[in-house]
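Below: the structure, in structure tokens.
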Amino acid sequence: MIRKDILDALKNFLVYVVLQILFINKLVLFDKAFCFFYIGFLLFLPHNVSRVYQLILGFSIGLIVDMFFDTIGIHAASSVFIMFLRPLWINITSGGSLDDGETISTRNLGFTTFVTYLTPMVFIHHLTVFVIEGYGFSGFWMILGKVFFSTLFTVAVLSIIQLIMLPTKKRI
């Protein structure tokens, strides 16, 4: 990565964490749907970032969120888990169509492939968070409801952010 890429990644890291901690954590719909916006940073990284850096970034952002939410490693574990699965899932969903350095975005993947990539990763993250938080599957239907609605909420927010914030390709 060149210096500009590193600075952009650091800026994005801070934006996602600050927004999650200060604003997004208060977005809860009917005590069932929680938005874990910060995982957008992890899921939208360029696909060619080394696996070790992905795991370190997942642990770092998860640990920072854990410190502010007082969740004792739940978000760190969930973030590391999705970062472990991410390279395999990118290859499955994109079919190897991404060039080196391209970020995961609606512009690079198309909206349908983007949602196909995003939804299972968010679901796995949320399932991991709520199972660890709930100490297992003792309240299976309650956990499944939280995971389902939180996944819909987070995917909707991240998709809207992608559609609004990313510039469209320049027309010639």
* Since F123 meets every condition but one in (1) modelled with pLDDT of 95 or more; (2) in contact with a Leu (Cβ under 8 Å, 6 or more places away or on another chain); (3) farther than 15 Å from A77 by Cβ; (4) not charged (D, E, K, R), which condition does it not meet? -> (2)
* Asked: Would you pick out the residues in the range 31-65 that are within 18 Å of K146 (Cβ to Cβ) and either aliphatic (A, V, I, L, M) or free of Cβ contacts under 8 Å to residues at least 12 places away in the same chain (or both)?
  -> D31, A33, I39, V65
* **Residues (surrounded by fewer than 17 Cβ atoms within 10 Å (Cβ to Cβ), of a type in the set (V, I, T), in a helix (DSSP H, G or I) and at pLDDT below 85) located in the range 1-27** => I6
* **Scan of the range 105-139 for residues that are among the aliphatic types (A, V, I, L, M) and either under 14 Å from L43 (Cα atoms) or in contact with a His (Cβ under 6 Å, 6 or more places away or on another chain) (or both), ordered by number** => L109, V115, L118, M121, V122, I124
* Structure fact -> Okay, helices (runs of 4 or more DSSP H) sitting entirely in the range 28-120 with 1 or more residues that are surrounded by fewer than 18 Cβ atoms within 10 Å (Cβ to Cβ) and among the small types (G, A, S), I get 51-69
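The values are calculated or read from the model by the stated rules, or taken from the named source; none is laboratory data. What you are looking at is a predicted structure, and each value in this text was computed from that prediction instead of being measured. Please note: Cβ atoms are built from the backbone with ideal geometry, for glycine as well, and neighbour counts cover all protein chains shown.
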